[in-house]
Amino acid sequence: VQLQAFGGGLVQAGGSLRLSCAASGRTFSTLHMGWFRQAPGKEREFVAGIRWSGGTADYANSVKGRFTISRDNAKNTVYLQMNSLKPEDTATYYCAAEAGDSWRPIKSYEYDYWGQGTQVTVSS
């Protein structure tokens, strides 16, 4: 599975961005998808995850109510809509795919495939 993330950029605090992650190489609709982020000097952390069907999503407490994960299985793409951005959201954002039957969205080691990352910078 190849994952290509894009949509990052520089935005002012309070602004919005939408990240996209396009998948290829395997039936996308069978994959659970997730977004993680890593800021300089910090560990990679879970942001949001969504089941293969799109019916269930999970979020880190720090982004609940501001970020929304969604997917379009017809377009082999998962999205992360980020609103009310804060400087502490600044990080490299990675999309990831989990191929197993069970859905464990929070742990990075559960994911089998990773994209290359896209930088999000939020200025104060």
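None of the figures in this text is laboratory data; all of them are computed from the coordinates on show. These numbers were taken from a predicted model, which means no experiment stands behind them. Reconstructed Cβ throughout: ideal geometry from the backbone, glycine too, with neighbour counts over all protein chains shown.
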Fill in: the chain - charge dipole about Cα centre, Lys and Arg +1 at Cβ, Asp and Glu -1, debye rounded to 20
200
Worksheet item: Do any GluC sites (Glu not before Pro) in the range 43-124 lie in a loop, going by DSSP, with at most 13 other beta-carbon atoms within 10 Å of their beta carbon, and if so which?
Response: Glu43
Worksheet item: Taking the chain on its own, what percent of its Cα-Cα pair distances exceed 23 Å?
Response: 22
Worksheet item: Taking R0 as 30 Å, what's the FRET efficiency between Gln12 and Thr56 from their Cβ-Cβ distance, rounded to 0.05?
Response: 0.40
Worksheet item: Under 20 Å from the Cα of Lys64, which lysines turn up, not counting those fewer than eight places away in the same chain?
Response: Lys86, Lys107
